[in-house]
Amino acid sequence: MAKNIVIVGAQWGDEGKGKIVDILTESADIVVRFQGGNNAGHTVIVGEEKYVFHLIPSGILHAGKTCIIGDGVVVDPEVLLKEIEVLKEKNLFRPEDLLISKNAHLIMPYHKKLDIARERLRGCNKIGTTGRGIGPAYEDKVSRCGIKCGDLLDEGEFRVKLKTNLLEKNHYIKTILHEDGFEIHEIYHKYMTIAQSIGPLIKNTSKFISDAIASGKNILFEGAQGTLLDVDHGTYPFVTSSNTVAGEAATGSGIGPSKIDEVIGITKAYCTRVGEGPFPSELDGPEADRLREQGGEYGATTGRPRRCGWFDAVALRYAARINGLDGLVVTKLDVLDNLDTIKICTGYKYKGEILDEFPTEASILFKCEPVYEALEGWKAQTQGVKSFDKLPKKAQDYIKRLEELTGVKVTIISVGANRNDAIILKNPFK
Ligand code: IMP
C-alpha cells in the first residue's frame, strides 16, 4: 500500500536528514521540500562523492524520482540555478524530475541585505542567522508584499511588484541602515534571465502532489532545520522564520493533513546547535571539541563550528509530542564509539525544581541546569555493523535507553557518513 511519510529534524537541525532522505528515496516516488530555504544544507555521501544540497531535495540523486520544491519554501533563484548547474556538470540533472511551486516565495537581493543588517543592529542579541535572507523573505510573505516564483512567469506582474517593494525597501535601507539601495533594472534583468532557465520547472505542485497521492504514489516529505528552530514551537526568538514541525508538511505542500501516514523524527546520538540561543546540555572545552572533531560538526551552509552537547531527552520528548513522532532515526552513533562515559540529559533543574516539560521560553531555558544519567561507553567500532544484534551490547543498551526516555521506537540507526552505513530496523515505507 502506498504511504506518505514526513521526515523532520527532532533537534536544532543538522541531524543528518539528507542521508536518511537519500536512503528512503529508494522506496519513494516523489520527494517534497516543504519549508525553509537555502539556510539548510543537506549532505549526502555516495562512494567518494560528497553532495551538499541547500534547496533541491536530497532525493535528486535517484534517477526517475520527482523532486519538488513546495509552496512553503523560500527560493533564492540564483542558488537554485547554481545547484542545477552543479548537477548538470555531473550529468545528474533531469529537468523532468524537478518541479518548483508557483506559490513558493522568492528571496530577493534586498532580503539578504536586510538579514545581514538586522543581525548587525541586534548586536549582542543577535540570532546568528545564516544571512541568506530567509527571515525577511518570510516577513514579506506574511505582510502580503512578497514576490512568488509564479511571478517570474509574468514579466509585467514581476516588474510592478518589484517596483512597489523597492520604494519601501530602498527608503528603509538608505535612511535607517545608511547603505546603498537597489536599482530596479539590475534585479529585473537578473531575475528575468534566471526565469528563462527555471521558468519551465515552475508548476502547480499542490495539484501534482494531490494527483500523485490519488494514483497511489509513495511520497516523502523532507523537512529542513529542526523542531526546536520552529517559529511557533521552538526556542523563540532564537529560531528560523518557518514552521519546521511535521504539521507544516501539509501546509507547505498544499495537501490535507489526513493524507500523511507516518512522521519520522531524526536525531543525532548526541546534540548540536548552530547560531545563538539556549542549549541546556551544551558542553565546552575538550569534551565539546572531541564531539565536534569526531562528528565533523561544522555547518554545511556557513562552515560555522557547531556547538556540541549530550543527547537531551527532555527536548526530544517535546519534539516527539509536537510532531506526533511515530519513529525515530538515530544518526552518528559511531561518533560516540571511543568514549568511556556517555551522558544523557534526562531532566532540567530550574529554580530548585525538576521540570518535566520542555520550556520554550528562552529566558527560562538559559537558566535550566541539565540533570544527567551516565552510561558506560562501548569502546568498539560500530561503522560497518549491519544489524542491531551485531552492535556492541552497550551500544544496544544506549539505543534502548533513548527509546525508553523518549517514548519513541528507533527505526534506523546511522553508523557512518556513507549511504550504506545504516542499520534499518524498519523501513517506514514497508
Ligand atoms: P535563519 O534561518 O538563517 O534565519 O537562521 C535562524 C537560526 O536558525 C540560526 O540560529 C541558524 O543558525 C539556524 N538555522 C537555520 N537553518 C539551519 C539549518 O539548516 N541547520 C541548523 N541551524 C539552522
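The figures follow:
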{"read-out": "Exposure proxy ranking, count of Cβ atoms within 10 Å, fewest first, for 402, 316", "value": "402, 316"}
{"read-out": "Label-to-label distance, nm, for residues given as residue 284 and residue 157 (7 Å Cα→Cβ offset)", "value": "5.3 nm"}
{"read-out": "Residue 321-residue 427 FRET efficiency (beta carbon distance; Förster radius 30 Å; 0.05 resolution)", "value": "0.75"}
{"read-out": "Simple label model, 7 Å out from Cα along Cβ direction - residue 27 to residue 126, nm", "value": "4.3 nm"}
{"read-out": "Cleavage-rule hits (GluC sites (Glu not before Pro)) in the range 1-96: DSSP loop, at most 11 neighbouring Cβ within 10 angstrom", "value": "48"}
{"read-out": "Difference of contour (0.36 nm per residue) and Cα-Cα distance, residue 361 to residue 418", "value": "16.8 nm"}
{"read-out": "Cβ-Cβ FRET estimate between residue 139 and residue 381, R0 fixed at 60 Å, reported to 0.05", "value": "0.80"}
{"read-out": "Contour excess over end-to-end distance, with Cα ends at residue 293 and residue 79 and 0.36 nm allotted per residue", "value": "74.2 nm"}
{"read-out": "Residue 52 versus residue 396: modelled label distance in nm, points set 7 Å from Cα along the beta carbon direction", "value": "3.8 nm"}
{"read-out": "Share, in percent, of DSSP beta bridges within the range 267-424 that are antiparallel, nearest 5", "value": "75 percent"}
{"read-out": "Relative contact order for the chain, counting Cα pairs under 8 Å that sit 6 or more residues apart, in percent", "value": "21 percent"}
{"read-out": "Violating pairs (Cα-Cα greater than 24 angstrom) within the set 17/203; 268/393; 113/148; 141/163; 3/409", "value": "17/203"}
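Taken together, the values in this text are just the output of simple stated rules run on the coordinates, not laboratory data. Everything quoted here is computed from the prediction, not taken from an experiment. Backbone-built Cβ (ideal geometry, glycine too); neighbour counts: all protein chains shown.
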